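Working notes, beginning with the structure itself.
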Amino acid sequence: MIETYDIAVIGAGMAGASIAAELADASDPNVRIAIFEGEDYPGHHTTGRSAAFREECYGGPDVVPLTLASGDYLREGGFLTPRGGLYIAREGQEGEVEAFRQRFAGAGVEMNRLDRAGLEARLPGVRAEWTQALSQPNCADIDVAALHQHYLGRAKAAGVTLLVRHRLHGATHEGDQWRLDFGAAGEAKAAIVVDAAGAWADRVAAMCGARPVGIQPLRRTVAQLRVDPLPAADLPLTLDIAGDFYFRPDTGRIWLSPHDETPSEPCDAAPEEYDIAVAIARFEEVVDWRIEAVERKWAGLRSFSPDRLPVYGFDQQRDGFFWFAGQGGFGIQTAPAAARFGAQLLLGDPRDAMTQNLDHGLYSPERFGSESPA
Ligand SMILES: Cc1cc2nc3c(=O)[nH]c(=O)nc-3n(C[C@H](O)[C@H](O)[C@H](O)COP(=O)(O)OP(=O)(O)OC[C@H]3O[C@@H](n4cnc5c(N)ncnc54)[C@H](O)[C@@H]3O)c2cc1C
């Protein structure tokens, strides 16, 4: 017998787990929802590889509303640990610092200027050429695994079925129903497909006969370093104003990224030695700490639409196909508001206090028109 669902969510990363939970809680208990995940367990891809911070400017001014709207949910749920962030700059980069501040003026992000003395107090060992910073007091670490499990747990409690080792291979639209082909794992039917497939979002769209919007996976690398002196637990997340690296402490170690964005096919991403070397070279220009070992390294795919904003909403040409993709480098910190908003759009429900300030025009798939992506 082929199981029939009202809603089939494809992908059990942060996007799929969170929207399934919000959909289930906002729906009648008779509404049948399933999450189909191709891997052996949820979170194997990008969600399991994040750098786990909430930085209010990350993703640009049009992502800020999603990040700010998610803040209370993350704080009240106990998913955040305050850290503070610093965008650091060298002597001569005053113009870039001011341009950055101006770009986010009026966005609701708290930012304060620090001089060399203020920077040194927050980042002991910082080299002399770094003379200024913008500090962001609301920056925090996110417990990504706890948040992901929270959404999977909420979904399960509300009756959502999670099916792992169910990779969507093809789909046909018959009448007002999707017939979904999971290869050896069988078939299912559903009225609505939610595309929460991360790096594979365009491929899932194409399988369903929807026009891909141009979701591009970009590889991002992180190295875990053992350094001397041991990093203080309260060191800030440190990013440079030019966007060439970031690092933060994690239980006695440093997580460092060269801020790489290498285009990739959707895949099980792996780190390249070159990117680790670049990261270390940049890090050594920032602080005088000694690197004792690269203990661990990993990479993941951050997936962006052509304008680098996420894509939420029904496809205009393909009935019953809902986009929930393009979460880029901000899909954890924006998850609560994005999922609530996505569920409201899908169910036709009104906005609530969390989502009232979001502008759907920024995130709708309609903004890409009906032309095929380049
Ligand atoms: C190195 C790195 C650092 C990051 N740091 C941060 C950070 O500090 N803060 C932040 O907010 N964000 C961060 N991000 C971004 C964040 O991790 C992502 O935005 C988020 O995890 C995306 O979630 P997702 O559910 O869309 O994708 P994924 O977690 O990749 O989930 C998609 C799922 O869909 C499944 N799937 C794909 N195709 C199919 C199919 N055909 N059938 C069934 N299942 C399928 C996949 O197996 C996968 O499990 C970072 C990302 C990286 C790589």
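To keep it simple, each residue is scored yes or no on (1) outside the structural domain of Gly328 (by TED's automatic domain parsing); (2) without any contact (Cβ under 8 Å) to a residue 24 or more places away in the chain; (3) more than 21 Å from Asp143 (Cβ to Cβ).
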| site | (1), (2), (3) |
| --- | --- |
| Glu55 | yes, no, no |
| Gly77 | yes, no, no |
| Gln93 | yes, no, yes |
| Ala99 | yes, yes, yes |
| Glu110 | yes, no, yes |
| Ala117 | yes, yes, yes |
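Flag: Thr262 matches the condition of being within 22 Å of the chain's Cα centre (by Cα), β-branched (Val, Ile, Thr) and under 30 Å from Asp195 (Cβ atoms). Entry remark, the range 236-263: residues being closer than 23 Å to Ala277 by Cβ and either in a loop (DSSP other than H, G, I, E, B) or among the polar types (S, T, N, Q) (or both) number 12 in total.
Between Gln136, Gln177, the distinction of being modelled with pLDDT of 95 or more and touching a Cys at 6+ places or on another chain (Cβ under 8 Å) belongs to Gln136 only. Taken together, the residues in the range 264-277 that are free of Cβ contacts under 8 Å to residues at least 40 places away in the same chain and assigned to a loop (DSSP other than H, G, I, E, B) amount to 1.
If the requirement is being over 18 Å from the mean Cα position of the chain (by Cα), crowded, with 23+ Cβ neighbours inside 10 Å and within 29 Å of Phe368 (Cα to Cα), which of these qualifies: Phe341, Phe322, Phe314? Can you show your working first?
Values: Phe341 fails: over 18 Å from the mean Cα position of the chain (by Cα); Phe314 fails: crowded, with 23+ Cβ neighbours inside 10 Å.
Of Phe341, Phe322, Phe314, the one residue that is over 18 Å from the mean Cα position of the chain (by Cα), crowded, with 23+ Cβ neighbours inside 10 Å and within 29 Å of Phe368 (Cα to Cα) is Phe322.
Looking only at residues of the range 29-54 that are more than 8 Å from the ligand (Cβ to nearest atom) and assigned to a loop (DSSP other than H, G, I, E, B), we find that the one that is nearest to Leu347 (Cα to Cα) is Val31. For Leu230, the criteria (1) without any contact (Cβ under 8 Å) to a residue 40 or more places away in the chain; (2) buried (at least 16 other Cβ atoms within 10 Å of the Cβ); (3) not in a strand (DSSP E or B) hold in every case but one, which is (2).
Conditions (1) under 16 Å from Ser50 (Cα atoms); (2) away from the ligand (no atom under 15 Å from the Cβ); (3) not assigned by TED's automatic domain parsing to the domain that holds Gln93, marked per residue:
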| residue | (1), (2), (3) |
| --- | --- |
| Thr221 | yes, no, no |
| Leu230 | no, yes, no |
| Asp240 | no, yes, no |
| Pro249 | yes, no, no |
| Ile254 | yes, no, no |
| Glu273 | no, yes, no |
| Ala279 | no, no, no |
| Val294 | no, yes, no |
| Phe314 | no, yes, yes |
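Could you say whether any residue in the range 55-69 is more than 9 Å from the ligand (Cβ to nearest atom), crowded, with 22+ Cβ neighbours inside 10 Å and in a helix (DSSP H, G or I)? Checked the range 55-69: at least one residue is more than 9 Å from the ligand (Cβ to nearest atom), crowded, with 22+ Cβ neighbours inside 10 Å and in a helix (DSSP H, G or I).
If I go through the range 188-211 residue by residue, how many of them are over 20 Å from the mean Cα position of the chain (by Cα), within 15 Å of the ligand (Cβ to nearest atom) and in a loop (DSSP other than H, G, I, E, B)? Can you show your working first?
Filtering the range 188-211 down to residues over 20 Å from the mean Cα position of the chain (by Cα) leaves 188-193, 206-211.
Next cut, within 15 Å of the ligand (Cβ to nearest atom) only: 188, 190, 193, 206-210.
Still in the running and in a loop (DSSP other than H, G, I, E, B): 208-210.
Selection size over the range 188-211: 3.
The values are calculated or read from the model by the stated rules, or taken from the named source; none is laboratory data. Everything quoted here is computed from the prediction, not taken from an experiment. Please note: Cβ atoms are built from the backbone with ideal geometry, for glycine as well, and neighbour counts cover all protein chains shown.
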